[in-house]
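Data block below; observations after.
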Amino acid sequence: MIAVRRRFTGQFITILALLLLWHFFSPWELSIQRRNELLNTNIDTTTFSVGAAPSNPAGASQDTGQKRDDIERKLGDSERAFLELVGGQSTPSSLAHGDAVKSIYNIRTREDWLDLIESQDDHGLLALTKITQRYIYEKQHPSECGTQRYLILNKFPGDDAFGLGAIVQRISDYLSVAIQTNSILLYATDVSPGEHFISEDRTGWCGRSLDCVFQELSNCTSKAQHGLSSNTQSIFSDGQLDLDVEAFLRKHKYPIPLVFEEALKKIQPDITGEMLKYWWRAQASAYIMRFNHDTSRRLKQFRLGEDTKQLGIQWDVNGDPNQVDVPFPLPEGTISMHVRHGDKGLNLLDIYNLLRYFG
């Protein structure tokens, strides 16, 4: 009994001692003396409480070197002008179906894509597609390039393992940032996103960027496109905008420019965040992946060339498959379905033909 009392008494004294220590010495304070080496006589001493923000004596400004991870949400004149176009009368297609399809294979200039989009029936497009594509185009193609701010995009980490869809999706995030910061998005020229899709012996004005396959992102260029460090994902050409783009994108995983969000809510107030995400991805991808003349010409060769004639499968009344020529253009109302003939993550050599796939 005496031993138990002694053990209890010892535990009680230990707990009491800890409580007294906490009462008299918490919260602990850490004093940090910062010496101003430029002044020989003055010593600037600042006291910080652990877990508290540092004080700022005499109202002195402090430059921590940290960048913002958010963009001010506001609408300018061009955004308000865009919103005034929302709800306008829809227009029918100005081209017959066959002519509209054929025009895809005859792209020559930047304006051809806008003409193609604007010639379509509004009811066959996502909401606001025509005015959105023109808005992005005009943002990326100013009449004067010298005074513009540019957002330069470098190759992504692990880029070589990405498929084209993943690359374009990431580029669309940076296009959103460019629009929201009144900047023009450009690819870095030394190492560009998706360069592994371009032949290493490729020479010419486009280097190994996606501009070799698609229309240029912009009619402008910048000296800032050259000489980016491999550790730099993106930079603003003027160095004046204190935005950490990568931190912003981590915070806002599916960014959509405010002007488009407001426009969509204007016509569909109950639109969900998920719908906004996919709408923006579709619009951004449509802009980024506008075929240039060489790509358009090569696609036409693959589609109609004798050595690359496209064959389809048609099942007869007995359920037997037969190969048939695919008509050009496909009949109106045709439904397209992408068939992935293999899994690039497992074995690129094990490619299934269409008959085996359906079998």
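What the table below lists for this structure:
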read-out	value
Residue 221, sole failed condition from (1) among the polar types (S, T, N, Q); (2) crowded, with 18+ Cβ neighbours inside 10 Å; (3) in contact with a strand residue (DSSP E or B) (Cβ under 8 Å, 6 or more places away or on another chain)	(2)
Lone qualifier among 277, 266 - being loosely packed, with under 15 Cβ neighbours inside 10 Å, of a type outside the set (Gly, Ala, Ser), touching a Phe, Trp or Tyr at 6+ places or on another chain (Cβ under 9 Å) and assigned by TED's automatic domain parsing to the domain that holds residue 215	277
Lone unmet requirement of (1) buried (at least 18 other Cβ atoms within 10 Å of the Cβ); (2) in a loop (DSSP other than H, G, I, E, B) for residue 136	(2)
Sole exception among (1) surrounded by fewer than 11 Cβ atoms within 10 Å (Cβ to Cβ); (2) at pLDDT below 85 for residue 88, by number	(1)
Subset tally (residues that are over 14 Å from the mean Cα position of the chain (by Cα) and hydrophobic (A, V, I, L, M, F, W, C)) for region 163-201	4
Any hit, region 245-259, residues being over 16 Å from the mean Cα position of the chain (by Cα) and assigned by TED's automatic domain parsing to the domain that holds residue 112	yes
Number of positions in region 327-359 that are of a type outside the set (Gly, Ala, Ser) and modelled with pLDDT of 75 or more	11
Matching residues in region 235-291 - criterion: being more than 20 Å from residue 71 (Cα to Cα) and touching a strand residue (DSSP E or B) at 6+ places or on another chain (Cβ under 6 Å)	289, 290
Lone qualifier among 276, 264, 249 - being outside any loop (DSSP other than H, G, I, E, B), at pLDDT 90 or above, among the hydrophobic types (A, V, I, L, M, F, W, C) and over 25 Å from residue 121 (Cα atoms)	249
Given (1) under 25 Å from residue 81 (Cβ atoms); (2) modelled with pLDDT of 90 or more; (3) within 21 Å of the chain's Cα centre (by Cα); (4) part of a loop (DSSP other than H, G, I, E, B), number of the condition residue 269 does not satisfy	(3)
Residues of region 182-198 satisfying the condition of being at pLDDT 95 or above and either outside the structural domain of residue 233 (by TED's automatic domain parsing) or β-branched (Val, Ile, Thr) (or both)	184
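The values are calculated or read from the model by the stated rules, or taken from the named source; none is laboratory data. This structure is a prediction, so every number in the text was calculated from the model and none was measured. Using ideal geometry, Cβ is built from the backbone for each residue, glycine included, and neighbour counts are taken over all protein chains shown.
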